[in-house]
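Asks: One structure, as structure tokens, below. Some questions next.
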């Protein structure tokens, strides 16, 4: 890995971490999810600082080309994240449904109350 | 001062009646509101049958969301002060008057009931104490203020800080983070010694398993709160 590339990656990851923390501070990003992305950025930074680590790990696992290993685990990680997000979304949908029902019933009860008082 | 006690309750069917009796006997000048955080046991039924003053949340929000709902209620209804009080019977209502007096006399925005000033009563388990000491140290490092019991759920706030909490309150493990947030924004926090009891029934929401995550999460959250408040 060329020095230029290393510096570029490290700078990008540091920037990413700053952006993530700012978003968390502004309550625009959930803390748990933000932390996950920060951890990923740090891991990428480690590989950029020490490219030899990639080769070592892929040798240990018996994968011929370190790049293949990178892609493989990268894809698995992304799939896991997407799955986790799907679960979050499903939970949110359930909550929205519940809230909608509660509001609708609340409206009716309030409406009935108002009419009862006016009679 | 028009004051209200906020009682977040999740599955406290064994303790809630005792808690309300304690409040009615020892803090009669306070109004109260139970926040039923979508309990799965019959906490709601007990509240209904006893004609308690309660709000029933349609979805479970956790301690942060439930307490924030309480602050929102208190703010909308024009209260001058709001106290957080656990629904599990660990807190003692006889200290509430003292906390309210301290709030007024010291011109503070928040008064925390601390177990560790006089070191009497239930002092929590050893590991938790280490964790609490760590937070005291971290908060002093970041804000130059010593808070002896940053995780105490027994806290009273005035209307100004109540409004702040209504719009900004952490979702989980809210006490240390909201304390630092308030300090960073320039609010004044005092503490009074209180005695707490051990939980009699039900389960606490912080266990050994999520202890490690709790430490990291709260430490980072405190850091972020300090940086944010400084601007």
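The values are calculated or read from the model by the stated rules, or taken from the named source; none is laboratory data. What you see is a predicted model, and the numbers here were worked out from it, not measured in a lab. Positions of Cβ are backbone-derived with ideal geometry, glycine not excepted, and every protein chain shown enters the neighbour counts.
Asks: Out of A:99, A:77, A:8, A:14, I need the residue that is within 13 Å of another protein chain (Cβ to nearest Cβ) and either out of contact with any helix residue (DSSP H, G or I) (no Cβ under 7 Å at 6 or more places or on another chain) or not in a helix (DSSP H, G or I) (or both). Which one?
Replies: Only one candidate passes the filter, namely A:99.
Asks: Could you list, in sequence order, the residues of the stretch B:200-231 that are within 10 Å of chain A (Cβ to nearest Cβ), surrounded by fewer than 15 Cβ atoms within 10 Å (Cβ to Cβ) and at pLDDT 70 or above?
Replies: If the condition is that a residue be within 10 Å of chain A (Cβ to nearest Cβ), surrounded by fewer than 15 Cβ atoms within 10 Å (Cβ to Cβ) and at pLDDT 70 or above, then B:213, B:216, B:227 are the ones that fit.
Asks: Report yes if some residue within the stretch A:62-82 is loosely packed, with under 11 Cβ neighbours inside 10 Å and more than 27 Å from residue A:6 (Cα to Cα); otherwise report no.
Replies: Scanning the stretch A:62-82, I find at least one residue that is loosely packed, with under 11 Cβ neighbours inside 10 Å and more than 27 Å from residue A:6 (Cα to Cα), so the answer is yes.
Asks: Also, quick follow-up: Take the stretch B:101-138 and flag every residue that is closer than 24 Å to residue B:15 by Cα and part of a helix (DSSP H, G or I).
Replies: Within the stretch B:101-138, B:128 is the sole residue that qualifies.
Asks: Scan (1) surrounded by 11 or more Cβ atoms within 10 Å (Cβ to Cβ); (2) within 12 Å of chain B (Cβ to nearest Cβ) for the single condition residue A:104 breaks and write down its number.
Replies: (1)
Asks: Given the options B:11, B:60, name the one that is at pLDDT below 95, loosely packed, with under 15 Cβ neighbours inside 10 Å and outside any strand (DSSP E or B). Explain how you work it out, then say what you get.
Replies: Details: B:11 fails: loosely packed, with under 15 Cβ neighbours inside 10 Å.
Every option except B:60 fails the conditions.
Asks: Could you list all residues from the stretch A:58-69 that are in contact with a helix residue (DSSP H, G or I) (Cβ under 7 Å, 6 or more places away or on another chain) and either under 30 Å from residue B:217 (Cα atoms) or not in a loop (DSSP other than H, G, I, E, B) (or both)?
Replies: A:58, A:61, A:66, A:69
Asks: Restricting to the stretch A:28-57, and then to whatever is closer than 24 Å to residue A:68 by Cα and within 14 Å of chain B (Cβ to nearest Cβ), can you tell me which residue is surrounded by the fewest Cβ atoms within 10 Å (Cβ to Cβ)?
Replies: The extreme case among them is A:39.
Asks: Here's something else I'd like to know. Given the options B:68, B:90, name the one that is farther than 27 Å from residue A:98 by Cβ and either out of contact with any helix residue (DSSP H, G or I) (no Cβ under 7 Å at 6 or more places or on another chain) or not in a loop (DSSP other than H, G, I, E, B) (or both).
Replies: B:90
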